[in-house]
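The values are calculated or read from the model by the stated rules, or taken from the named source; none is laboratory data. If you're wondering where the values come from, they're calculated on a predicted model, not measured in any experiment. Ideal geometry is used to build each Cβ from the backbone, glycine not excepted, and the neighbour counts take in all protein chains shown.
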Amino acid sequence: MTAIKNEAPTAPTVKASISTNQSGIIDMTSLAIADRTINVPFHGASLFVVSINNEPYVPMKPIVEGMGLDWASQFTKIKQRFTRSVVEITMVASDRKNREMTCLAFRKFAAWLSSIQPNKVKPEIRERVIQYQEECDDVLYEYWTKGEVKNPRKATQSQQGKITLDQQTAIKQLVMYRGKSLPKDKQAKAIITMWSALKSHFGTTYKQIAEDQFTEALSLAARVPLDGEFIPAAPVIAPQPLLNEYDIHNIKGLCTHMDYLKKYFDEYKLYEVFTMLGSRAGTQMIDHMRDGVCFAATVRRSINELEARGLKAMLPS
């Protein structure tokens, strides 16, 4: 299983390279992760991903550099735009040294690819990127205006309305990847568990799954609990105080201003002044003023008691 940063399960070897074939199509199969890869069909190419916490992720640096893009600027964009979908993992590179690898959730990969400026990628893949981005525009338009989208490249070899042969392969490789990543005595049972989960959920074999359920099937196969699989412990989050020093300062200031409002209201006899002027303002204000002062006094006492019990020691530094 691939290790998330600061955790210690074993990590597969990665050959961090990417190239283009004679047709100018990105050859993502060169991003090979030992013999434990998930081959996901993606716009006419094969995209290899790694499973992290039972979700497919894409190592980004080899792809970015293979497209001829600047990794530093893309790294910043990825971290800012996809903050909740990025993880840093430790992988063993081809030189046998540990390398930190930024991975993006596969479900966000299409969004990143559509954000690329085609004039910045290698000339030999530029038309491919433009074609992809234009198709993304068409897909979104069809979805929002017609409520559904048809894939014109659906494989003819598959049964009508069922997942394509490439998609069948993707599901099979994900099942085998997860199964073979376990100790040998757990592998057979794990693989059977995943196939059974798919058949139970969809009521059919994986080859007969409906085309619009492919993503759901991939997600299900990735998250089925398996005996012997490493599950990282949830991070321990220290409790945070409800108030910080800035909040306390504001509360104290509010109490002080409430006291001054009541003081000047009484000092200038505003109740009597408003009454002489025939206004009901004095009557309406005096009750709120008295209640406000009482509440302010109560809050001030509570804050003083909390500070006396060491509230400052609980505040974030």
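Restricting attention to the range 215-225, the residues that are of a type in the set (Val, Ile, Thr) and surrounded by 15 or more Cβ atoms within 10 Å (Cβ to Cβ) add up to 1.
If you go through the range 277-287, how many residues are loosely packed, with under 10 Cβ neighbours inside 10 Å and in a helix (DSSP H, G or I)? Residues flagged as loosely packed, with under 10 Cβ neighbours inside 10 Å and in a helix (DSSP H, G or I) within the range 277-287 amount to 1. Picking from residues in the range 175-214 that are closer than 21 Å to Gly161 by Cα and of a type in the set (D, E, K, R), the one that is surrounded by the most Cβ atoms within 10 Å (Cβ to Cβ) is Glu211. It is to be established whether one or more residues within the range 175-185 are among the small types (Gly, Ala, Ser), modelled with pLDDT of 90 or more and outside the structural domain of Phe106 (by TED's automatic domain parsing). For the range 175-185, residues among the small types (Gly, Ala, Ser), modelled with pLDDT of 90 or more and outside the structural domain of Phe106 (by TED's automatic domain parsing): absent.
Please verify whether the range 253-273 includes one or more residues that are in contact with a Gly (Cβ under 6 Å, 6 or more places away or on another chain), modelled with pLDDT of 85 or more and either surrounded by 12 or more Cβ atoms within 10 Å (Cβ to Cβ) or not in a loop (DSSP other than H, G, I, E, B) (or both). Checked the range 253-273: at least one residue is in contact with a Gly (Cβ under 6 Å, 6 or more places away or on another chain), modelled with pLDDT of 85 or more and either surrounded by 12 or more Cβ atoms within 10 Å (Cβ to Cβ) or not in a loop (DSSP other than H, G, I, E, B) (or both). Phe202 - would you say it is closer than 30 Å to Tyr143 by Cα and at pLDDT 90 or above? When the stated conditions are applied, Phe202 passes them. Looking for something at pLDDT 85 or above and β-branched (Val, Ile, Thr) - is there at least one such residue anywhere in the range 138-154? Looking through the range 138-154, at least one residue is at pLDDT 85 or above and β-branched (Val, Ile, Thr). Scanning the range 93-108 for residues that are of a type outside the set (Asp, Glu) and surrounded by fewer than 17 Cβ atoms within 10 Å (Cβ to Cβ), we see that the one that is modelled with the highest pLDDT is Arg107. Looking at this structure, is Tyr57 crowded, with 16+ Cβ neighbours inside 10 Å, touching a Leu at 6+ places or on another chain (Cβ under 8 Å) and assigned to a strand (DSSP E or B)? It is true that Tyr57 is crowded, with 16+ Cβ neighbours inside 10 Å, touching a Leu at 6+ places or on another chain (Cβ under 8 Å) and assigned to a strand (DSSP E or B).
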